[in-house]
Amino acid sequence: MGELGRVTEPIKVLIEQKSVDVIYSCGPMGMLRAISELTADTDVVHQCAVEEAMACGIGICMTCVLPVKDEAGSISMLRSCIDGPVMDGSQVQWHLVGQVPEANL
């Protein structure tokens, strides 16, 4: 039963062979990024529940921030405990996750 390999492989096949409108996912950040990359050039919406550490759970400590692009194209650090944890995978700037914003250097 099941498929051998990474979870993203069957997802790629499903997108190609089925009429998929939305993918809901949760799991490690690397997997969420990979799914977002699979859906980037498609009409498939990727809603992902991120697994950032949430030390306080009320948005004060800022340990759970993620870089997310807004409608104007600006990147903001959103708190996954307040603004999430479900995010639009196409808006998360996966290549910047874990990086310090240049303005803060």
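Below are the figures for this structure:
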{"read-out": "Answer label, with Cα extents along the principal axes in Å calculated from the coordinates and candidates (1) 44, 32, 22; (2) 69, 33, 19; (3) 41, 32, 25", "value": "(1)"}
{"read-out": "Theoretical ellipticity at 222 nm over the chain - DSSP helices of four or more residues, -39500 (n - 2.57) apiece, nearest 500", "value": "-6500 deg cm²/dmol"}
{"read-out": "GNM flexibility winner over the chain from Gln93, Gln47, Gln17 (Cα, springs under 10 Å)", "value": "Gln17"}
{"read-out": "Highest-fluctuation residue, Val20, Val45, Val86 considered, GNM on the chain with Cα pairs under 10 Å", "value": "Val20"}
{"read-out": "Neighbourhood charge, 14 Å Cβ-Cβ cut-off, centred on Gly84 and excluding it, Lys, Arg +1 and Asp, Glu -1", "value": "-3"}
{"read-out": "Using alpha-carbon coordinates, inclination of helix 8-17 to the longest axis of the chain, degrees", "value": "60"}
{"read-out": "Given 16 as the ceiling on other Cβ atoms within 10 Å, longest exposed-site-free region of the chain for trypsin sites (Lys or Arg not before Pro) in DSSP loops", "value": "19-105"}
{"read-out": "Least to most buried among Glu52, Glu9 (fewest other Cβ within 10 Å first)", "value": "Glu9, Glu52"}
{"read-out": "Neighbourhood charge, 11 Å Cβ-Cβ cut-off, centred on Ala34 and excluding it, Lys, Arg +1 and Asp, Glu -1", "value": "+1"}
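All of the numbers you see were taken from the coordinates with simple rules; none came from a lab. The shown structure was predicted, so the numbers you read here are calculated from the model rather than taken from an experiment. Neighbour counts run over all protein chains shown; Cβ positions are idealised from the backbone, glycine included.
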